[in-house]
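The values are calculated or read from the model by the stated rules, or taken from the named source; none is laboratory data. As the structure is a prediction and not an experimental result, all values here were calculated from the model. Here Cβ is always computed from backbone atoms with ideal geometry, including for glycine, and neighbour counts include all displayed protein chains.
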Ligand code: ATP
């Protein structure tokens, strides 16, 4: 069985335990929690028992070790995570405001995640991949972009597949070079995983049906639109499948999209149908938002089955 591989940042998140507008006074914190969208994604793949690997870099510090140990525990191959002597693993401090929005302080500028490089270990892991999951957030980094650009044609050549979670800031689409990079990945994408507005932004359409039609026209085989608490919709040439979300109390939304995407992908690769895969993916996303810490809510199949057995589906 070939591996599902992703490339991108690993960091820790440290959370304020009280609501408020930021970090302008000393306050109680919890963490560090393992984090980084690609790391959460691949941890979820590993937990579901699929072969998984990540290409990344961490510092030679406790934050790096915390992440490496967690990923290893959950079955992820970390042989292509470079431990950089003298570099620090990045961190993000987050505090929720009462309205659900978040205030961040990032310590990422000179962090190990910005020094991800095309090492021999990375080449070896990418060379053995059966599936590559691309995250738009990493593409502005030249080394990440370079590895993605090289890996995709080789992967396609040997019958592999690509999923793409845009996970981008709108500025990136306005920059012509950024837009071109995203479009090249999109052209090779088998499974596209946008959330909300990203679908419209990418398709350059003002309406969902037109956006879906335009993307399927470009060769994207499957699109799964993430709709937050409303669940998700799947589109392909044969039509559309909607799946309502589960009714849960949201404690921490970070990571929902990544655990959702990983779960949908693994379910499909394990041969489950579209509806069943969407249900498991919704369960993974919903479970993630009920647990504090971005990677703390990733799930095994046993945890998803138990969650589904006890959960209520939101009425559409
Ligand atoms: P993020 O960027 O926060 O990781 P996203 O914007 O990529 O997430 P969302 O649509 O917010 O994606 O969430 C992904 C999936 O997680 C949803 O499709 C849904 O299945 C589940 N989910 C998210 N929020 C909730 C919620 N409040 N209640 C139930 N399910 C949720």
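Descriptive notes on the structure:
- Test: residue in the stretch 249-264 that is more than 21 Å from residue 39 (Cα to Cα) and either assigned to a loop (DSSP other than H, G, I, E, B) or without any contact (Cβ under 8 Å) to a residue 12 or more places away in the chain (or both): yes
- The residue list 277, 315 contains one member that is modelled with pLDDT under 95 and either surrounded by 17 or more Cβ atoms within 10 Å (Cβ to Cβ) or within 14 Å of the ligand (Cβ to nearest atom) (or both), which is 315.
- Qualifying position, being closer than 21 Å to residue 51 by Cα, out of contact with any strand residue (DSSP E or B) (no Cβ under 7 Å at 6 or more places or on another chain) and more than 10 Å from the ligand (Cβ to nearest atom), among 302, 309: 302
- Condition met for residue 225 (modelled with pLDDT of 95 or more and touching a strand residue (DSSP E or B) at 6+ places or on another chain (Cβ under 8 Å)): yes
- For the stretch 228-244, the tally of residues that are touching a residue at least 60 places away in the same chain (Cβ under 8 Å) and surrounded by 23 or more Cβ atoms within 10 Å (Cβ to Cβ) stands at 1.
- For the stretch 238-248, the tally of residues that are more than 17 Å from residue 311 (Cβ to Cβ), outside any strand (DSSP E or B) and in contact with a helix residue (DSSP H, G or I) (Cβ under 6 Å, 6 or more places away or on another chain) stands at 0.
- Index of the failed condition, residue 256 passing every other in (1) closer than 21 Å to residue 304 by Cα; (2) surrounded by fewer than 23 Cβ atoms within 10 Å (Cβ to Cβ); (3) at pLDDT 95 or above: (2)
Results for (1) touching a strand residue (DSSP E or B) at 6+ places or on another chain (Cβ under 7 Å); (2) closer than 26 Å to residue 5 by Cβ, shown as yes or no for each residue.
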position: 214; (1), (2): no, no
position: 218; (1), (2): no, yes
position: 238; (1), (2): no, no
position: 244; (1), (2): yes, no
position: 258; (1), (2): no, yes
position: 273; (1), (2): no, yes
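- Output for the stretch 258-274, where each listed residue is more than 13 Å from the chain's Cα centre (by Cα) and either within 14 Å of the ligand (Cβ to nearest atom) or within 15 Å of residue 228 (Cβ to Cβ) (or both): 267
- Test: residue 41 is crowded, with 18+ Cβ neighbours inside 10 Å, closer than 19 Å to residue 260 by Cα and in contact (Cβ under 8 Å) with a residue 12 or more places away in the chain: yes
- Scanning the stretch 108-120 for residues that are outside any helix (DSSP H, G or I), free of Cβ contacts under 8 Å to residues at least 60 places away in the same chain and closer than 30 Å to residue 28 by Cα turns up at least one hit.
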